[in-house]
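*Asks:* Sharing a structure with you now.
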Amino acid sequence: IAKKVSGSSYSFFNEQMAMNSLTKLEMGNHLRQSLERNELEIVYQPQVDCHLGQIVGVEALLRWNHTTKGYISPADFIPLAEEIGTIVEIGEWVLRGACKQMKAWQRETATPLTISVNLSVKQLNDERFVETVSRILAETGLEAKYLEMEITENVAMKDEQLDALRCLRLLGIAISVDDFGTHYSSLSYLKRFPVTKIKLDQSFVRGVQTDDKDRAMIIAIISVATSFQLKIIAEGVETEEQARFLVANGCSHIQGFYFFRPMNAEQMLAAMQESLQQKLAFLTTGTPRR
Ligand code: C2E
Ligand code: MG
Ligand code: MG
Ligand code: MG
């Protein structure tokens, strides 16, 4: 049983794991020890506001450098961490690390950025979750308004989980729907959920130059965000053409390899000082496509 990861790509690793439960058990045990073994690392990917011409936020992305198997993608080990429950501990570690790092950047740079941290629905089952988050904010000194939690849309979310999200909102934390448009009933979801932002999935962005339906999806999703008064950001933007199309159609917040790949904390400081002028030249040249 291959697990469906983002969009149309299938996870080879999960496929293997399903076939070989011994490997899975072994990996699970290893994953439990990954924190104390110092094998986990957070990398950061900038989010750009094209109209401002600046980085306005950063997404924290987890990496696992396995001692013998080398680098393992989060798309592969997060589902495993969720299954064996380690996600609660790992998620807390990521949140603390990311908030601490953002506070440090805020001390070093003039304009404060926001930090987005991916959240697993499983973390919301932990009844102390909201308390943990608010403790981490107090510990690190990061103001709640600079924290955003990204959660993949999930129709099966329980009332208690929704309540936890509402509590986060009350603390002043932003909530963003990750991979928007790829799952079911996105619209009713928006009615029930305390969300502030939509992340337009990269599978649609990929088809900007080739697929009429992807272009139609993007335009429809941007219009949904506008109607619901939500912020919107496109992910997985790799080319100038994609960026141009998005901006021309009202999505000026962009994340993707076109601007920056995920990078370590030291590289981020340099990226913050980088001029985006050249990459944003499309704003003033040529006619925008619609
Ligand atoms: P996501 O949150 O939707 O993150 C976006 C993924 O797209 C990241 O993959 C990022 O590296 C990749 N990406 C960014 N820009 C581009 C681009 O221009 N082109 C392409 N092809 N890819 C791009 P990554 O880092 O492998 O993470 C995969 C998924 O793993 C994430 O998807 C997220 O769902 C999950 N994840 C990562 N870190 C965490 C974490 O700390 N906690 C939880 N619960 N999940 C995490
Ligand atoms: Mg995300
Ligand atoms: Mg995504
Ligand atoms: Mg995802």
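Bear in mind that the values in this text are calculations on the coordinates, not laboratory data. Because the structure is a prediction, the values reported are computed rather than measured. Positions of Cβ are generated from backbone atoms using ideal geometry, with glycine treated the same way; all protein chains shown enter the neighbour counts.
*Asks:* Could you tell me the relative contact order of the chain? Use alpha-carbon pairs under 8 Å, at least six residues apart, and round to a whole percent. Before the final figure, lay out the partial values.
*Replies:* Values: 446 pairs, mean separation 48.6, N = 290.
17 percent.
*Asks:* Here is a follow-up. What does the chain give for Rg and for Dmax, in Å, if only its C-alpha atoms count?
*Replies:* 19.0, 57
*Asks:* What would the Debye equation give as log₁₀ I(q)/I(0) for region 229-290 at q = 0.13, 0.17, 0.20, 0.25 Å⁻¹, counting only Cα atoms as equal point scatterers?
*Replies:* Each listed q corresponds, in turn, to -0.39, -0.63, -0.83, -1.12.
*Asks:* Another question, if that's okay. Checking the cross-link filter: which lysines have an alpha carbon closer than 30 Å to that of Lys69, excluding same-chain neighbours under 8 positions apart?
*Replies:* Answer for Lys69, where 30 Å is the Cα cut-off: Lys3, Lys4, Lys24, Lys100, Lys122, listed by chain and number.
*Asks:* Could you check which residue among Lys122, Lys100, Lys158 shows the biggest mean-square fluctuation in a GNM of the chain with a 10 Å Cα cutoff?
*Replies:* It is Lys158.
*Asks:* Right, next: Setting aside same-chain residues fewer than 8 positions from Lys145, which aspartates and glutamates have a Cα under 16 Å from its Cα?
*Replies:* Glu59
*Asks:* How far apart, in nanometres, would the label points at Leu170 and Ser275 be if each is projected 7 angstrom from Cα along the Cα-to-Cβ direction?
*Replies:* Rounded to a tenth, the inter-label distance reads 4.9 nm.
*Asks:* Starting from 0.36 nm per residue, how many nanometres of slack lie between Ala104 and Arg32 once their C-alpha separation is accounted for?
*Replies:* Working: separation 72, 0.36 × 72 = 25.92 nm, distance 2.84 nm.
Stretched out fully, the Ala104 to Arg32 stretch lengthens by 23.1 nm.
*Asks:* Using only the C-alpha atoms of region 193-249, find the volume of their convex hull and express it per residue in Å³.
*Replies:* On the way: hull volume 4.2 nm³, N = 57.
Convex hull of Cα atoms, per residue: 73 Å³.
*Asks:* Using alpha carbons only, how many degrees (0 to 90, rounded to 10) separate the axis of helix 87-108 from the longest principal axis of the chain?
*Replies:* 50 degrees
*Asks:* Next question. Quick one: Karplus J couplings for region 168-181, per residue in order, coefficients 6.51, -1.76, 1.60, θ = phi - 60°, nearest Hz, x for Gly and Pro?
*Replies:* 4, 4, 5, 6, x, 7, 7, 10, 10, 8, 7, 6, 4, x
*Asks:* With a ≥ b ≥ c the root eigenvalues of the C-alpha gyration tensor of region 134-290, is it rounded (a/c under 1.5), prolate (a/b larger than b/c) or oblate?
*Replies:* Details: a/c = 2.32, a/b = 1.25, b/c = 1.86.
Judged from the Cα gyration tensor, region 134-290 comes out oblate (a/c at least 1.5, b/c at or above a/b).
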